[in-house]
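The values are calculated or read from the model by the stated rules, or taken from the named source; none is laboratory data. Note that this is a predicted model, so its numbers are computed, not measured. Backbone-built Cβ (ideal geometry, glycine too); neighbour counts: all protein chains shown.
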Amino acid sequence: MIDNNHSVQLPSASQAAVQDIELRAKIFAALSDPTRLRIVEMLASCEEMSGSEIANYLGISLALFCHHSKTLAEAGLIQIRKEGQTKYNSLKRELLFDCFASFTPKQLETTTVENNSRSN
């Protein structure tokens, strides 16, 4: 039980750590939709694809694909390159790998050690 007369001291997180957590939360929120997850899986298997290729393959409208690609781009997961009238989408693999690597035991251990050394 928390005593209202006393404040609870939590270890302070560095600004960079907070921003990293917020970025990862945005990435996982973008991946929480099944259609966006399918788009990422498709892009993981090739270098790049046009929006119409992806929409046709998934059986969705180009407008719906554009909505999902905007969310993925805002999360930093995909890069969109325009060539003429066609927009090509590619996966930012390194960002995705880094995001998932944050859950590996070594990364968790490093984060815990860093947080403990900051609070001492």
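Please tell me if residue 46 is in contact (Cβ under 8 Å) with a residue 60 or more places away in the chain and not in a strand (DSSP E or B). Here the answer is no, as residue 46 does not meet what is asked.
Which of the residues belonging to segment 57-84 are in a helix (DSSP H, G or I), touching a strand residue (DSSP E or B) at 6+ places or on another chain (Cβ under 8 Å) and among the aliphatic types (A, V, I, L, M)? Listed by number, the residues that qualify are 72, 73.
Residue-wise test of (1) modelled with pLDDT under 95; (2) loosely packed, with under 14 Cβ neighbours inside 10 Å.
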site: 3; (1), (2): yes, yes
site: 11; (1), (2): yes, yes
site: 39; (1), (2): no, no
site: 52; (1), (2): no, yes
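Scanning segment 80-99 for residues that are at pLDDT below 95 and surrounded by 13 or more Cβ atoms within 10 Å (Cβ to Cβ) gives 95, 96, 98, 99.
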